[in-house]
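Novice: Once you've had a glance at the structure underneath, I'll fire off some questions.
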Amino acid sequence: MSIIKAVRGFKDILPEESERWSYVEAKAREVFTAFGFSEIRIPIVEKTDLFVRSIGETTDIVEKEMYTFTDRGDESLTLRPEATASVIRAYLEHSLYASDAITRLFAVGPMFRRERPQKGRYRQFNQINVELLGIDDPRVDAEVILMLNHFLKSVGVASINLQINSIGCSECRPPYRQSLIEFLEDKKDRLCDDCGRRLTTNPLRVFDCKNESCAGIIAEAPRILDFICQACSDHFNNLKKMLTTFGVAFEVNPKMVRGLDYYTKTTFEVTVNHAGSQNAIAGGGRYDRLVKSLGGPDMPGIGFGIGFERLMSVIDIDRALYDRPLQLFIAALGEEAQKLAYELCNRLRMRGIRTEIDYQAKSLKSQMKRADKLNSRNTLILGENELQSGKAQIRHMSTGSQDTVDLKTLEENILTIIKER
Ligand code: HAM
């Protein structure tokens, strides 16, 4: 019978990779906490309407990529394709805005999009997601981008390419939109089906289109930065100034609009050169109308999502930083010694010492071979001689040095020796 394999686009993170992930996640928690963010854990499933209303009905995510199903209670539910909508749903549901003028939240976990799987693009992928709500000030835009940049550097991302843009607000976007529609209208027959269809409903989506013909047209299109109002322009200029103050290198990309409809003003994306075609490792922006459009108060916000798989594929973490080596291997010969080894092993584990034994009553030689294979830092041999003499040797594998331990106080002795080493 053949084995059942994981679903296409869904993958396992095996133990060694998982340890690297935990290390990077811990780093994110450390950096974000220093910047005043707290973790929120949100559900994976939400009502479909939440994503339709926030991400936008005519986006690729909502039109083509969501895992939507009707549950047994006849309700339309969706596996979250992103976290921002859920974070804001929770922010409103629990009135988090009432306790402080600024709310800073981060969330870590899987997202689901039914895209065509390829390297760096999965149907279940993980994000570290950050949201800052309550204030529309370019200083917080700069702060959020600075934090992202600092975190990426702290885990060793070598060539960070940060692109920023402003996509305007409810004042300046409509005239821009109109001018874009007029520009695209007479080129309609050269646009792909999706873009042709979205021409009047969501013309900005043409900027995201991967179709060559659409990309060629868009290269000549009017640019949002030439249309933004004074307030948006001041906001953008202040953001640029502050990024410069902090020495954060950036490039203005007037064509970067991002694939979700909720953005206003600042948008940004981080790409890394050697990641191949799926090179965006993080993206985000400001969303000043989203909270209100989901039925909440008029609260601005800004945030970003880091694609965890993509991030992990471009960094090299020194194994010593995440490795938790085996601290002790107990080789035991004979029934009585094996019983003692088994008990001691579990008692030491409960004291936090990573300990292993052999359960198969093998020869001393094969047990030592296994200790070697597991790369154990120390070994303890328990045989008849040791039981008789009441003393045993604990050997430090890399130096070969030995300490004699008394079997009566074995557990305490081992703890002291291992901690000293
Ligand atoms: P996004 O650009 O759709 O933004 O996703 C953020 C990051 O998630 C991307 O830059 C990429 O690294 C990763 N990602 C997206 N799709 C996939 C995939 N299929 N496979 C692997 N990685 C992927 C958002 O999701 C916004 N919610 C970010 C945000 C937060 N904006 C404001 N606050």
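Quick note: the coordinates plus some simple rules give every number you see, no bench work behind them. All of these numbers come straight from a predicted model, not from anything done at the bench. So basically every Cβ, Gly included, is an ideal-geometry build from the backbone, and we count neighbours across all protein chains shown.
Novice: Under 5 Å between amide H atoms, partner at least 5 residues away or on a different chain: which partners does ILE353 have, H built in plane at 1.01 Å?
Specialist: Amide H neighbours of ILE353, under 5 Å, 5+ apart: none.
Novice: Right, here's the next one. If amide H atoms are built 1.01 Å from N in the plane of the peptide, which residues on other chains or at least 5 residues away come under 5 Å of the amide H of ILE167?
Specialist: LYS265, THR266, THR267
Novice: Sticking with this one: Putting +1 on Lys and Arg Cβ atoms and -1 on Asp and Glu Cβ atoms, find which of LEU333, ASN161, PHE69 reaches farthest to the positive end of the dipole of the chain.
Specialist: LEU333
Novice: Positive end of the charge dipole of the chain (Lys, Arg +1 and Asp, Glu -1 on Cβ, about the Cα centre): tell me which of LEU133, ASN253, VAL52 has its Cα farthest that way.
Specialist: ASN253
Novice: Could I ask something else about it? Too long at a 21 Å Cα-Cα cut-off: which of LYS369/LYS419; LYS119/LYS210; LYS339/LYS362; LYS153/LYS265; LYS5/LYS119?
Specialist: LYS369/LYS419; LYS153/LYS265
Novice: Suppose each label sits 7 Å from its Cα in the direction of the beta carbon; what would the THR200-LYS365 distance come out to in nanometres?
Specialist: 8.5 nm
Novice: Averaged across orientations, what area in nm² does the convex hull of the alpha carbons in the chain project?
Specialist: That works out to 28.2 nm².
Novice: At a Förster distance of 41 Å, what's the computed FRET efficiency of ALA101 paired with LYS339, Cβ-Cβ distance as r, to 0.05?
Specialist: 0.05
Novice: If you don't mind, there's one more thing I want to ask. Taking the Cα centre of the range 215-283 as origin, sum charge times position over the Cβ atoms of Lys and Arg (+1) and Asp and Glu (-1), and report the length of that vector in debye to the nearest 20.
Specialist: Details: 6 positive and 6 negative charges, 26 e Å.
Computed charge dipole of the range 215-283: roughly 120 debye.
Novice: Would you mind ranking MET147, MET66 by Cβ crowding within 10 Å, fewest neighbours first?
Specialist: With the sparsest Cβ surroundings first, the list reads MET66, MET147.
Novice: Return the Rg/Rh value of the range 325-420, two decimal places, where both radii are evaluated on C-alpha atoms and Rh is the Kirkwood radius.
Specialist: Dividing the radius of gyration by the Kirkwood radius yields 0.91.
Novice: Could you point to the residue in ILE414, TYR359, THR404 farthest towards the positive end of the range 325-420's charge dipole, with +1 and -1 charges on the Cβ of Lys/Arg and Asp/Glu respectively?
Specialist: Of the listed residues, the answer is TYR359.
Novice: Treating only the Cβ of Lys, Arg, Asp and Glu as charged (+1, +1, -1, -1), what charge dipole size does the range 325-420 show about its Cα centre? Round to the nearest 20 debye.
Specialist: Here the range 325-420 has a charge dipole of around 380 debye.
Novice: Related question: Under a plain spin-label model, where a point goes 7 Å from the Cα along Cα-to-Cβ, how far apart in nm are ASP298 and ARG190?
Specialist: 4.2 nm
Novice: Express as a percent, rounded to the nearest 5, the fraction of DSSP beta bridges in the range 34-192 (both residues included) that run antiparallel.
Specialist: Working: 18 of 20 bridges.
Around 90 percent antiparallel, to the nearest 5.
Novice: FRET efficiency for LYS255 and LEU415, Cβ-Cβ distance as r, R0 = 56 Å, nearest 0.05?
Specialist: Once the sixth-power term is evaluated, E becomes 0.35.
Novice: Cβ under 12 Å from THR416's Cβ, THR416 left aside: what net charge do those residues give with Lys, Arg +1 and Asp, Glu -1?
Specialist: -2
Novice: Nearest 5 percent is fine: what portion of the DSSP beta bridges confined to the range 325-420 is antiparallel? Walk me through the numbers before you get to the answer.
Specialist: Values: 8 of 16 bridges.
Taking every DSSP beta bridge within the range 325-420, about 50 percent pair in antiparallel fashion.
Novice: Also, quick follow-up: What is the set of long-range amide H partners of ILE281 at a cut-off below 5 Å, with H atoms built 1.01 Å from backbone N?
Specialist: Those qualifying (amide H under 5 Å, at least 5 residues apart or on another chain) are VAL270, THR271, VAL272.
Novice: Taking the number of other C-beta atoms within 10 Å as the exposure measure, put THR58, THR70 in order starting with the fewest.
Specialist: Ascending number of Cβ neighbours within 10 Å: THR70, THR58.
Novice: Just how far, in whole angstrom, is the range 363-421 from the range 160-189 if you go by their alpha carbon centroids?
Specialist: 70 Å
Novice: Next question, about the same structure. When a/c is below 1.5 the answer is rounded, else prolate if a/b is larger than b/c, else oblate, so apply that to the range 1-130 with a ≥ b ≥ c taken from the square roots of the Cα gyration tensor eigenvalues.
Specialist: It is oblate, given that a/c is not under 1.5 and a/b is not larger than b/c.
Novice: Measure off 7 Å from each Cα along the Cα-to-Cβ vector at TYR67 and ASP234, then give the distance between these two points in nanometres to one decimal.
Specialist: 4.6 nm
Novice: Let me know the charge dipole size of the range 160-224 about its Cα centre in debye, to the nearest 20, where only the beta-carbon of Lys, Arg (+1) and Asp, Glu (-1) is charged.
Specialist: Details: 10 positive and 10 negative charges, 31 e Å.
Taking the Cα centre of the range 160-224 as origin, the dipole is about 140 debye.
Novice: Given a Förster distance of 60 Å, report the FRET efficiency between ASP49 and GLU384 from their Cβ-Cβ distance, rounded to the nearest 0.05.
Specialist: Values: r = 72 Å, r/R0 = 1.20.
So, using R0 = 60 Å, E works out to roughly 0.25.
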